[in-house]
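Worksheet for the structure shown next.
Only the coordinates and a few stated rules stand behind these numbers; no lab work does. Keep in mind the model is a prediction, meaning the values are calculated, not measured. Counting neighbours? That spans all protein chains shown, and the Cβs are built from the backbone with ideal geometry, glycine included.
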Amino acid sequence: MLCVAASLLFIFEVNGQNLTKYIDPIIGTGGHGHTFPGVSVPFGMVQLSPDNGSEGWDWCSGYNYADTTIAGFSHMHLSGTGCGDWTDISVMPHTSHIDELSKYFKVGFSHTNEQAKAGFYEVKLNSGVVVALTATEHCGLHKYTFPKGSNAHVKFQLTYMINYDSAINTYVRLVNDTTIVGYRYSSGWAKTQRVYFAAKLSVSIKKMTIYDNNTKKEVILAATNNRYNAELEFGDLKGIPLLIKVGLSNVSTDKALLALDEIPNWDFDEVKRQAENKWETEMQKITVKTSDEKLKRIFYTALYHTCIAPVLYSDKDGEYKNAEGNTMNMGDGQRYTVFSLWDTFRGLHPLFTLTQPERNKDILNSMLAFCDETGLLPVWDLSTYETNCMSGYHAVPVLADAVLKNTSGIDPERVLEAMKRSAFQDVRGTKDYRTYGYVPQDKAWHTVTKTLEYAFDDWCIAQVAYKLGRIEDYELFMKRAAAYKLLFDKETGFIRAKNSDGTWTQPFDPYYTSTDGSKSFYEEGNAWQYTFFVPHDIRGLAKGFGSYDAFSRKLDALFSAPSGVKGESAPPDVSGLIGQYAHGNEPSHHIAYIYSYIGESWKTQRWVRMIMDSMYHDQPEGYSGNEDCGQMSAWAVWSMTGFYPANPGKGEYVFGSPMFEEVTMRLPSGNTMLIKTKNAGKNNPYIQSVMLNGTTYTKVYIDHETLLAGGVLEIEMGSQPNKDYGKNPIDWPSSTN
């Protein structure tokens, strides 16, 4: 990995490129994107960013572009999630003493005084304090410039929280006149969270005030052991910047002190430069050529967002504490958390097999370590705690994709056994799923979603079993993978819910969805979106409609149906609607690509281009829904490049509508794939012909092995569809039936 990183930096230095200038962390912070604008290095533990001091769905990251106040700069954030948590170890500079009785003291700011770049954030608060931030993997670096004549204060707000989170025990201790340590234990979306910190200051502390239950105790250069918050006072700094290093650990304050070593001096610009170089290395993995600067901003910001989560959880030596409080060690690897798998199994994790070959081993082994510690693979792992958010057991397709692509550094036998644990658990409707062959609505909630997602996950288990020669397991899980057929209603043309006696659940409305699971058959979606979630057997699903033509008409109807959903408590996640196609939520992400499975790849090309043009922008409201830890961005990275893993367990990338003149992919094999697009442009969304290494290429997809071999893929585009391209069944992507 070090060699790869060095070679990419060499390319940067020789070519004089600066791709990080196209990264705009403000994209996605507005609307329902739920991203944060602050600083991190790729996948770093420290994700240091401003918080508005507001709560609610659109502040899941702590920040929304529509807000005009800042209440602090905390060190841990969630990117694009639909639930709010973290914002741990909040620090806020002030020009005077702040009364602890106020919940949060918010300071106004203007976006004209704010800038966000890869590895750097700066804002001038209305108080006159200029805040600049940068970071390493485990350490954040603050630079505060106070107005001359003001009395500089810095508050460590350990009780700061948003949404579900709440501090249950905090601690702070003055080590000496420039160092404090402490911790924050909290309960929220993840019921058990522990964050330890150490802060080193460039200026001596004149006074430290500890607040305990809204009372205060002054401490001058002496240790204390009190709870809640601490305020540091420095006097008039006469315009000299105050710098603060804040190291994090999930193990101990001693480990947090060691994290400070990642920043050995007070050279803010050098730390900022190193952070930018780490981002430049990531951007150099996929380089694009276009005269459209807007497209570059959209693409590189999306690629940036694919490198935020999962989040580093262990210390530099691989040590961490799990949710049970046990100190563990990953040995020669690192532990990661924030696995939004219901979202990210679709496009983000398949992308990692190309862009993160070394780090991906640790990510995969983190899932297996989670299984060792809890008994099951993660569903939604936050701080190594199982939140059990969303449906399916989607660590399975992530691990299957890796095994089937021969990813080194993981044990396939261990993977299969872990998968089977999830498949034979007795919670989340799985026991009824095995008993009835589907999840009955009178036994559980969101039963269609659960049935479809378990069926796909089981298909993935079957593929791994087959690869390992476990034929009995293969046959069992292939049978379970056909569960979707039991819920297909030929009369209505939708996959819908059944009760345990085999009768259809009533009433039925394909436009209906609800956050009340007892009334909703689908999780964050409706029958229109979920009827097409059979990525492993698209043609088998199509045959249920009587013919491929009938299936194509059903797909057409999805995109032309009236937009909007019904339901007294319809989830806001169902957004970004084109007809009933909902790009703002992940269940729709593969749908435009499935035309190619029935010989109509030109329709795939048309809809992919329309989705890309209408759902991604270089503005704060740049995403049509929650960015969801990199999945919304991964779809854009894949689709702008020219293909997408419509079945994320198969290793086949279905062609869409490439948007750049050239794309250079630097692959983990050491090879390079150059994608050259002739007649690329807004008015030419349709593929006319494809050539691979100088030879006519008729398939409508490229498989993983062919991509890794590298070469030159030439795609000619046009303004009108070539309906003969991809018409021959021999050129279609794989399907079970």
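Would you mind calculating the relative contact order of region 31-282 from Cα pairs under 8 angstrom and at least 6 residues apart, reporting the percent as a whole number? Result for region 31-282 is 19 percent. Among V398, A256, G325, whose Cα lies farthest out toward the positive end of the dipole of the chain, if unit charges sit on the beta carbon of Lys, Arg (+1) and Asp, Glu (-1)? Value: V398. Find the centroid of the Cα atoms in region 341-379 and in region 624-666, then give the distance between the two in whole Å. Cα centroid to Cα centroid, the span is 18 Å. To the nearest 10 degrees, how steeply does helix 471-481 sit against the main Cα axis of the chain, on a 0 to 90 scale? On a 0 to 90 degree scale, this one is about 90.
In degrees from 0 to 90, rounded to the nearest 10, what is the angle of the helix 2-15 Cα long axis to the longest principal axis of the chain? In the chain, helix 2-15 runs at an angle near 90 degrees to the longest axis.
With the cut-off at 40 Å, report for the chain the share of all Cα pairs above it, as a whole percent. Value for the chain: 32 percent of Cα pairs lie more than 40 Å apart.
The tail of the calculated P(r) for region 182-331 beyond 20 Å holds 67 percent of all Cα-Cα pairs. Applying Stokes-Einstein at 25 °C and 0.890 mPa s to the Kirkwood radius of region 520-625, computed over alpha-carbon pairs, gives a translational diffusion coefficient of 171 µm² s⁻¹. Each of I244, I591 was scored by other Cβ atoms within 10 Å of its Cβ. Listed from fewest to most, they are I244, I591.
Semi-axes of the equivalent ellipsoid of region 104-189 are 25, 18, 15 Å, computed as sqrt(5λ) over the eigenvalues of the C-alpha gyration tensor in descending order. With the convex hull constructed from alpha-carbon coordinates only, region 564-646 shows a mean projected area of 6.0 nm² over all directions.
Projecting the Cα atoms of S500, P412, Y616 onto the charge dipole of the chain, computed from C-beta unit charges around the Cα centre, puts Y616 farthest toward the positive end. Here region 31-282 is described by how far its Cα atoms reach on the three principal axes: 43, 38, 35 Å, from widest to narrowest. Only lysines eight or more places from K21 in sequence, or on another chain, were considered; those with a Cα closer than 24 Å are K117, K124, K143, K272, K278, K285, K289, K294, K296, K676, K682. Between helix 268-283 and the chain there is an angle of about 0 degrees, using the helix long axis and the longest principal axis of the Cα atoms. If eta is 1.306 mPa s and T is 10 °C, what Stokes-Einstein diffusion coefficient results for region 418-577, Kirkwood Rh from Cα pairs, in µm²/s? Calculated translational D: 97 µm²/s. In region 31-282, taking the dipole from charged Cβ atoms about the Cα centre, the farthest positive-side position among L133, I244, I98 is held by I98.
Rounded to the nearest 500, the 222 nm mean residue ellipticity of the chain from helices alone is -8000 deg cm²/dmol, with -39,500 (n - 2.57) taken per DSSP H run of at least 4 residues.
Taking Cα centre as origin and charging only the Cβ of basic (Lys, Arg, +1) and acidic (Asp, Glu, -1) residues, the dipole magnitude of the chain rounds to 480 debye. Distance cut-off 25 Å, Cα to Cα: go down the list K155/K200; K498/K603; K321/K361 and report the pairs above it. Check vs 25 Å cut-off fails for K498/K603. Percent of Cα-Cα pairs more than 19 Å apart in region 659-737, please. The answer is 42 percent, as a whole percent.
Overall, region 31-282 carries a charge dipole of about 540 debye about its Cα centre when +1 sits on the Cβ of Lys and Arg and -1 on the Cβ of Asp and Glu, all other atoms neutral. Within the same chain, aspartates and glutamates fewer than 8 places from K191 are excluded, and of the rest, those with a Cα less than 16 Å from its Cα are D85, D88, D165, E324, D381, E386.
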